1. Given the conditions (1) of a type outside the set (D, E, K, R); (2) closer than 21 Å to I19 by Cβ; (3) crowded, with 18+ Cβ neighbours inside 10 Å, report the number of the one that W44 does not fulfil.
2. Scan the stretch 124-157 for residues that are of a type in the set (V, I, T) and either over 26 Å from the mean Cα position of the chain (by Cα) or at pLDDT below 95 (or both) and jot them down.
3. Going through the stretch 149-177 one residue at a time, which ones are surrounded by fewer than 16 Cβ atoms within 10 Å (Cβ to Cβ) and within 12 Å of T275 (Cα to Cα)?
4. Residue check, E51 against (1) under 18 Å from A103 (Cα atoms); (2) surrounded by 13 or more Cβ atoms within 10 Å (Cβ to Cβ), all met but one. Which one?
5. One residue is enough: does the stretch 183-203 have a residue meeting the conditions among the hydroxyl-bearing types (S, T, Y), crowded, with 21+ Cβ neighbours inside 10 Å and over 27 Å from Y21 (Cβ atoms)?
6. Could you please find all residues in the stretch 231-282 being modelled with pLDDT under 50, under 24 Å from A159 (Cβ atoms) and surrounded by 15 or more Cβ atoms within 10 Å (Cβ to Cβ)?
7. Return the residue satisfying two criteria in turn: it lies in the stretch 54-71 and is in a loop (DSSP other than H, G, I, E, B) and either in contact with a Lys or Arg (Cβ under 7 Å, 6 or more places away or on another chain) or modelled with pLDDT under 95 (or both), and of such residues it is surrounded by the fewest Cβ atoms within 10 Å (Cβ to Cβ).
8. Keeping to the stretch 174-215, report how many residues are farther than 19 Å from R154 by Cβ and touching a residue at least 12 places away in the same chain (Cβ under 8 Å).
Amino acid sequence: MRVARLPLLTVTYTAEPEIFYEFGEDGARKVFGRDDATCDIVIWAAINGQELSRVAGAIWRMDDELWVRNLSTRHELYLEIAGRPAEPALPPRSDDGTDRGPARSIPTELAFVRAPGGCELLVRQVRDADLPDLGDPDDAKATFRAPPVPEELRAVAAALCEPLLLGSQVPATHAHVTERAATGSPKRTRNLVTKLCTLYADEVPTLRDRVAERVRREQKQLGVANDPRLEAGIWTFDPASPEHHPGDETTRRRELALPDYFEIAHLLVRRRLITSADLVLLPPHSAEDLR
């Protein structure tokens, strides 16, 4: 059966591609700019300059979509939507105290919000989270059976799924898993997550195909149009064609896609292969973590 889900609405500062700022309910709001004391999303590339306003803009959720407002009195904000002509810029707001700043909705699944000083935000709005139909875990007629998580991968799986178990729609980053599962190094974390992905990609071919479909669509929207190939549980790409973004830009855009373990983590939670009871494998959160 198909389970209705809220849309997945996130923003990523493209210089920190592993970090997703999630907008889980209407009214959720994030301010961005170069002021690290005021802004929720700090544009570190601009922090020592004057090009970007201290508080440049705000993004918020209303009626299950994201909106953007220009809060700067000095510069424009630009919205770039793949495959469409350039959008009119959002002009600066007046500084007379009466202008809240021009705003507009962000209409598509993937779009970039840009401003001076290296400010580039990727806005993602995925309806129904584009997850595979994982079925009802209590349904005896479920179309596939997923194997249990091996004991040696259970702490890593618990750390990966921890945000989902706490209400998020986005799994943990590799950095979070490294810290919470005490793997010792980011490299070992990636190896363990790859091993986990490989297990379920091999056991659940329909899930593997759905991941490939989602990765292929996202890469096309990001301007990296080559087809992915599964190698040791990780989706990889052939070198980009010359007409696509060359070199470092191609690599950077690939890093902006949802992580390849996105569907795997949702599978583990949906099929109750990882539950809140598994969080006992992780150390208690510190007071600072809970702020």
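1. Looking at each condition in turn, W44 falls short on (3).
2. Of the stretch 124-157, the ones of a type in the set (V, I, T) are 126, 143, 149, 156.
The answer is V126, T143.
3. Within the stretch 149-177, L166 is the sole residue that qualifies.
4. Failed condition: (1).
5. Within the stretch 183-203 (the criterion being among the hydroxyl-bearing types (S, T, Y), crowded, with 21+ Cβ neighbours inside 10 Å and over 27 Å from Y21 (Cβ atoms)), the answer is yes, since at least one residue qualifies.
6. Passing the criteria: G233, I234, W235.
7. Among residues in the stretch 54-71 that are in a loop (DSSP other than H, G, I, E, B) and either in contact with a Lys or Arg (Cβ under 7 Å, 6 or more places away or on another chain) or modelled with pLDDT under 95 (or both), the one surrounded by the fewest Cβ atoms within 10 Å (Cβ to Cβ) is D63.
8. 10
The values are calculated or read from the model by the stated rules, or taken from the named source; none is laboratory data. Just so we're clear, the structure is a prediction, and the values are computed from it rather than from any experiment. We place every Cβ from the backbone using ideal geometry, glycine too, and count neighbours over all the protein chains shown.
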